[in-house]
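Working notes, structure below.
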Amino acid sequence: MATTYLTRTGTTPTTSNKYTFSCWIKRGSIGTTETLFRSYSDGSNSAQLIFDSDDTFAFQDIVGGTTVTNLKPSNLFRDTGAWMNIIVQVDYTQAAAADRAKIFINGEEVSYSATTRQSQNGASNLNTAANNAIGSNRSNSSHYFTGSMSQVNFIDGTAYPATTFGSVNATSGIWKANSSPTVTYGNNGFFLDMANSSDMGNDVSGKANDFTVGGGILTQMQDTPDNNFATMNPLARYYSDTSSLSNGNNTYSITSYTLNARSTIAMPSGKWYWEVKQSADNCRLGVCTSGFNPNIDTDDAGAYYGGSTGFGGVYIMNTGPSTNWQITNNNTSKNVTTYTNGVATVANTILSVAVDVDAGKLWVGVNGTWLYSGDPAAGSGEQIAFTNSSPDPLQAFIGFNSVNARVAQCNFGNGFFGVTAVASSNADAAGHGLFEYAVPTGFFTLNTKNLNTYGG
């Protein structure tokens, strides 16, 4: 989480200036300085792999107060909805400067905006008997990595090619992880596969170079490089100065005003399920398209499919700590309907959402009970019926109709509301996801494996 990291003290390296680092990450924040991996001896001797506040990435190696290597890819890294593989390959014994340090993203060497490299046979501070940290700048306990991380490999003594850690899928053309790389790890090497939820720093390389968790609780997610789960999109939310996303972009918070956000993964077709724990009333739940008016309110002309732009969304919300529910939807003109005798919601109420994209139906449940005797499995009793007039696929929609502080904890199947694990272990029929309440028959977790199989 935000202040959690892994740490260990290194040993005498096999070869101090020849090594490979590889990991898979999914960013949780943008516009912040975040450390992936750092070795720190003192203020004059350290090395780090770091995202800067401008969303660039860099490998920096400092020896005796001099930055001997500074590699910075030219591109920005602002995608919080997908996993990527970062590989840093170092061999300071090479005669050609360009071969002494390289960065690969998803198997391809990047182009660089900064290219300072150590002299031949020079020293490095990343592979030393120093304090090593993953996910934090341990010199001042800051610059925490807020996203997800998996398949963390460090090889001491060998500069392996990118193809050691991944390969291009012949069908999709997407870079895929090699979960069992054939390497010689060396004295300081390690492999953290994050497979043991009770020991996230466990080294499975055979070298017993285990890391210790510090700064809080490190949670194991269902989200992996091989199966990417939806989150809320920090690039698709309204009024970023009064709203925020945290906990891997699954916690949506506002301080004031009427705000909303939408998911990273869209639903072109199929049946989908997710859950939301709300801090108070007036939480909006529904679906929308990419052209959806971000400042949507019940009085806005674009609050429906078939609005002035031809794009829109539909949603349902509890209108207070009461049994009244308000539904905004119509295919040709705005229609706001208030239903009574529903189920009241209070703080920490868990709301379930089921949507059948093809049939144009949406259901909402409260603490395991579907509103108004709805039955998603049977396809009956839906709260909203709609026709998508947009060419865009639908996205999950979360919002608030309140000028007060509100929080929505979204669970798209990762098994957590914020940092709190669900009490149950309900998965969909494909065996994916962890939810508080049972997934309706025929509905699935919003992730890439299910999307490929059930998303049309």
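Looking across region 396-421, just one residue is hydroxyl-bearing (Ser, Thr, Tyr) and surrounded by fewer than 18 Cβ atoms within 10 Å (Cβ to Cβ), and that is 420. When the test is whether a residue is over 24 Å from the mean Cα position of the chain (by Cα) and surrounded by 21 or more Cβ atoms within 10 Å (Cβ to Cβ), residue 362 passes it. For region 175-220, name all the residues that are exposed (fewer than 15 other Cβ atoms within 10 Å of the Cβ), farther than 29 Å from residue 419 by Cβ and under 24 Å from the mean Cα position of the chain (by Cα). Across region 175-220, the qualifying residue is only 180.
Looking at residue 445, is it out of contact with any Leu (no Cβ under 6 Å at 6 or more places or on another chain) and free of Cβ contacts under 8 Å to residues at least 60 places away in the same chain? Considered against the rule, which asks whether it is out of contact with any Leu (no Cβ under 6 Å at 6 or more places or on another chain) and free of Cβ contacts under 8 Å to residues at least 60 places away in the same chain, residue 445 comes out as no. In the set (1) in contact with a Phe, Trp or Tyr (Cβ under 6 Å, 6 or more places away or on another chain); (2) at pLDDT 80 or above, the condition left unmet by residue 231 is number (1).
Inside region 368-402, residues that are at positive phi and among the charged types (D, E, K, R) make up a count of 0.
Contact annotation: residue pairs with Cβ atoms under 7 Å, 6 or more positions apart or on different chains, pairing a residue in region 254-281 that is touching a residue at least 24 places away in the same chain (Cβ under 8 Å) with a partner that is of a type in the set (Lys, Arg) and buried (at least 23 other Cβ atoms within 10 Å of the Cβ), are 260/284. Assessment of region 406-419 against the conditions (assigned by TED's automatic domain parsing to the domain that holds residue 328, within 20 Å of residue 326 (Cβ to Cβ) and in contact with a strand residue (DSSP E or B) (Cβ under 8 Å, 6 or more places away or on another chain)) yields at least one matching residue. Exactly one residue out of 52, 42 is surrounded by fewer than 21 Cβ atoms within 10 Å (Cβ to Cβ) and within 18 Å of residue 25 (Cβ to Cβ): that is 52.
Regarding residue 52, is this residue out of contact with any helix residue (DSSP H, G or I) (no Cβ under 9 Å at 6 or more places or on another chain) and without any contact (Cβ under 8 Å) to a residue 24 or more places away in the chain?
yes
For beta carbons closer than 7 Å, sequence separation of 6+ or different chains, a first residue in region 342-369 that is assigned by TED's automatic domain parsing to the domain that holds residue 441 and among the aromatic types (Phe, Trp, Tyr) and a second that is surrounded by 14 or more Cβ atoms within 10 Å (Cβ to Cβ) and part of a strand (DSSP E or B), the qualifying pairs are 363/354; 363/370.
For the criterion of being among the small types (Gly, Ala, Ser), at pLDDT 95 or above, more than 16 Å from residue 18 (Cα to Cα) and assigned to a strand (DSSP E or B), residue 58 passes. With respect to (1) more than 30 Å from residue 255 (Cβ to Cβ); (2) modelled with pLDDT of 90 or more, the lone exception for residue 355 is condition (1).
Among the residues of region 379-389, the ones that are over 26 Å from residue 254 (Cβ atoms) and either without any contact (Cβ under 8 Å) to a residue 24 or more places away in the chain or surrounded by 19 or more Cβ atoms within 10 Å (Cβ to Cβ) (or both) come to 5 in all. Residues that are at pLDDT below 75 and not in a strand (DSSP E or B) within region 236-278 comprise 238, 239, 240, 241, 242, 256, 257, 258, 259, listed in sequence order.
The values are calculated or read from the model by the stated rules, or taken from the named source; none is laboratory data. Note that the coordinates shown come from a computational prediction; the quantities given were computed from them, not determined experimentally. For neighbour counting, all protein chains shown are included, and Cβ atoms are generated from backbone atoms with ideal geometry for every residue, glycine included.
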